[in-house]
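The values are calculated or read from the model by the stated rules, or taken from the named source; none is laboratory data. Treat the numbers as computed from the prediction; the structure is a model and nothing was measured. With ideal geometry, Cβ positions are generated from the backbone for all residues, glycine too; neighbour counts draw on all protein chains shown. Note: areas computed on protein heavy atoms with side chains; ligands, DNA, RNA excluded. Shrake-Rupley method; radii C 1.70, N 1.55, O 1.52, S 1.80 Å.
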Amino acid sequence: MTCPVDHARTSLTDLARAMAEGKTTSAEIVEDCLTRIASQDGELHAFVEVFAESARAAAAGLDGERAAGKVRGPLHGIPVAIKDLADIDGRITGFGSRVYSLVPARATAPFVDRLIAAGMVVVGKTHMVEFAFGSWGTNNGLGTPLNPVDRKVHRVPGGSSSGSAVAVAAGLVPVAIGSDTGGSIRIPASLCGVVGLKTTAGLVPTDGVAPLSRTFDTIGPIVRSVDDARLVFEALAAVQCPAGTVTPASLTLGIVDPDQTAPVDDDVQAAVSATVERIERSGIRCVPFRLPHAMAEYQHRNGIIMAAEAYAALGARAEDFRFPMDPFVRRRLLSGKEITPGQYREAQQERVQAKVEFMDKLGGIDFVLLPTTPLPAVSLDQVDESVAPMSRFTRLANYLDLCAISVPIDRTPQGLPVGLQIVARGSQERSLLDLAGFVERLSTARLEKR
């Protein structure tokens with residue numbers, strides 16, 4: 001069966017409208033997803049497991065509810081894929097590894113339950129970096145997903161939510177869920193040319209989620225548009241987040257000083273600078289902004305806490321060399337062994353002070369803008385696992401308890417996506433999404449004129 005509505009190019013709102021008007025059904029949309037996955041995932045490698053039978057049954061049940069006049073909300077009947085670090089009852093949580101678990105989960109993570117309660121259909125689990133500990137998107141044990149922006153060259157998808165971004169960018173599903181501890185939603189969203197929202201820590205429950213860093217782990221959506229991100233965020237966080245109007249004259253945006261983001265790929269910087277110019281022409285005030293510390297310093301500080309907590313959660317596996325593990329991931333995990341309890345406490349105290357410093361420096365600035373990544377997607381053979389350039393701009397938001405989003409703004413002359421990162425104060429997702437939607441419309445209008 002072929003879905004009469006092309007879900008790969010249709011917003012969630014329009015999919016919901018099409019179902020409400022009887023133009024399609026959840027069963028047809030889900031079947032279309034399953035067909036696309038079956039025909040393309042052998043090349044893309046986005047999915048760990050596909051739940052075809054249960055997805056079809058869930059879709060049929062939701063169509064029955066709709067026919068009976070019961071509609072759970074705007075996500076009723078919409079397919080979703082879940083990063084393979086969340087428990088789903090009866091399914092194995094692989095965590096991107098061959099050594100994490102071989103036993104099916106006995107319960108479902110609360111955030112997944114929230115999506116199911118909202119009417120979403122879970123179609124499968126997506127590939128990821130082993131233990132979510134890497135930003136290139138590589139997985140030497142289970143395979144690295146292919147970034148669909150280039151079907152001829154195997155380019156990195158970004159990590160650690162690699163499969164989720166690939167699944168959405170390739171049109172296999174309209175929504176996928178990722179996790180973000182140091183950029184793991186925003187990085188793959190940027191490299192694959194889709195939208196990725198890093199939520200404020202604590203807004204979406206992480207119970208039933210395999211842990212990397214209990215301080216920084218967050219859950220959020222990877223989608224095709226900002227409006228889609230808003231709908232899924234509402235379900236994940238169990239909040240109302242109605243769209244508002246951006247009033248240009250009332251906003252001040254801080255543009256991170258290029259000296260603090262250097263080095264940046266020339267095409268990436270050009271795209272960001274051009275977008276800032278368009279924003280300024282719209283009437284929004286943009287001012288230079290210097291962070292209290294260098295980007296690399298925030299990245300390093302985030303890494304200390306992350307490594308210490310990752311070792312506490314996963315160190316026993318890394319210590320046992322009988323277990324197969326990505327050697328670079330093992331090295332990252334074992335680095336946490338060197339961090340003493342005293343150093344860990346000091347790092348957490350330093351973070352409290354850093355948050356105060358940042359807020360003081362922010363003052364009357366409403367949002368901070370900077371590139372999501374310093375590079376577009378490179379080919380797999382260009383990856384140097386000993387360095388982590390892709391998270392240099394993203395860890396800031398995790399370290400300082402902020403929310404952030406990556407919005408695609410342009411493509412390089414080689415056709416590779418460029419993402420703009422918009423950062424807001426914690427728990428300000430509503431206004432963040434409002435501005436992100438405004439920027440998205442500016443960028444879309446420009447690209448359509450080409």
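Any residue that is modelled with pLDDT of 95 or more, open to solvent by 20 Å² or more (accessible area, probe 1.4 Å) and in contact with a Gly (Cβ under 8 Å, 6 or more places away or on another chain) - is there at least one of those in segment 409-422?
There is at least one residue in segment 409-422 that is modelled with pLDDT of 95 or more, open to solvent by 20 Å² or more (accessible area, probe 1.4 Å) and in contact with a Gly (Cβ under 8 Å, 6 or more places away or on another chain).
Among the numbered conditions (1) surrounded by fewer than 21 Cβ atoms within 10 Å (Cβ to Cβ); (2) under 30 Å from residue 114 (Cα atoms), tell me where residue 221 comes up short.
(1)
I'm trying to understand the selection: among the residues of segment 254-277, which are under 25 Å from the mean Cα position of the chain (by Cα), of a type outside the set (S, T, N, Q) and open to solvent by 40 Å² or more (accessible area, probe 1.4 Å)?
Matches in segment 254-277: 258, 262, 263, 265, 266, 267, 270.
Applying the selection to segment 160-181, what residues are assigned to a loop (DSSP other than H, G, I, E, B) and in contact with a Pro (Cβ under 6 Å, 6 or more places away or on another chain)?
Matches in segment 160-181: 161, 170, 173.
Restricting attention to segment 272-282, which residues are without any contact (Cβ under 8 Å) to a residue 40 or more places away in the chain and of a type in the set (Gly, Ala, Ser)? Can you show your working first?
Looking only at segment 272-282, we keep the residues that are without any contact (Cβ under 8 Å) to a residue 40 or more places away in the chain, and these are 273, 277, 280-281.
The one that is without any contact (Cβ under 8 Å) to a residue 40 or more places away in the chain and of a type in the set (Gly, Ala, Ser): 273.
Just a yes or no: is a residue in segment 164-171 open to solvent by 10 Å² or more (accessible area, probe 1.4 Å) and in contact (Cβ under 8 Å) with a residue 12 or more places away in the chain?
Filtering segment 164-171 down to residues open to solvent by 10 Å² or more (accessible area, probe 1.4 Å) leaves 169-170.
Those still in the list that are in contact (Cβ under 8 Å) with a residue 12 or more places away in the chain too: 169-170.
So far as segment 164-171 goes, yes, one or more of its residues are open to solvent by 10 Å² or more (accessible area, probe 1.4 Å) and in contact (Cβ under 8 Å) with a residue 12 or more places away in the chain.
If I go through segment 80-129 residue by residue, how many of them are among the charged types (D, E, K, R), over 30 Å from residue 242 (Cβ atoms), open to solvent by 10 Å² or more (accessible area, probe 1.4 Å) and modelled with pLDDT of 95 or more?
Result for segment 80-129: 4.
Quick test of your reading of the structure: residue 398 fulfils all but one of (1) in contact with a Phe, Trp or Tyr (Cβ under 8 Å, 6 or more places away or on another chain); (2) among the polar types (S, T, N, Q); (3) more than 22 Å from residue 215 (Cβ to Cβ). Name the failing condition by number.
Single failed check for residue 398: (3).
Could you list, in sequence order, all residues of segment 80-90 that are farther than 15 Å from residue 121 by Cβ and outside any loop (DSSP other than H, G, I, E, B)?
83, 86
Which residue out of 43, 21 is open to solvent by 10 Å² or more (accessible area, probe 1.4 Å), more than 18 Å from residue 56 (Cα to Cα) and free of Cβ contacts under 8 Å to residues at least 12 places away in the same chain?
21
Out of all the residues in segment 296-332, which are under 20 Å from residue 346 (Cα atoms) and open to solvent by less than 40 Å² (accessible area, probe 1.4 Å)?
Listed by number, the residues that qualify are 298, 299, 301, 302, 303, 305, 306, 307, 308, 309, 310.
Any idea which residue in segment 24-40 is farthest from the chain's Cα centre (by Cα), counting only those that are open to solvent by less than 10 Å² (accessible area, probe 1.4 Å) and more than 20 Å from residue 166 (Cβ to Cβ)?
24
Taking the options 215, 247, name whichever one is of a type in the set (S, T, N, Q) and surrounded by fewer than 14 Cβ atoms within 10 Å (Cβ to Cβ).
Answer to the check: 247.
Is it the case, given these coordinates, that residue 280 is in contact with a strand residue (DSSP E or B) (Cβ under 6 Å, 6 or more places away or on another chain) and surrounded by 14 or more Cβ atoms within 10 Å (Cβ to Cβ)? Give the steps one after another, and end with the answer.
Details: in contact with a strand residue (DSSP E or B) (Cβ under 6 Å, 6 or more places away or on another chain): yes; surrounded by 14 or more Cβ atoms within 10 Å (Cβ to Cβ): yes.
Here the answer is yes, as residue 280 does meet what is asked.
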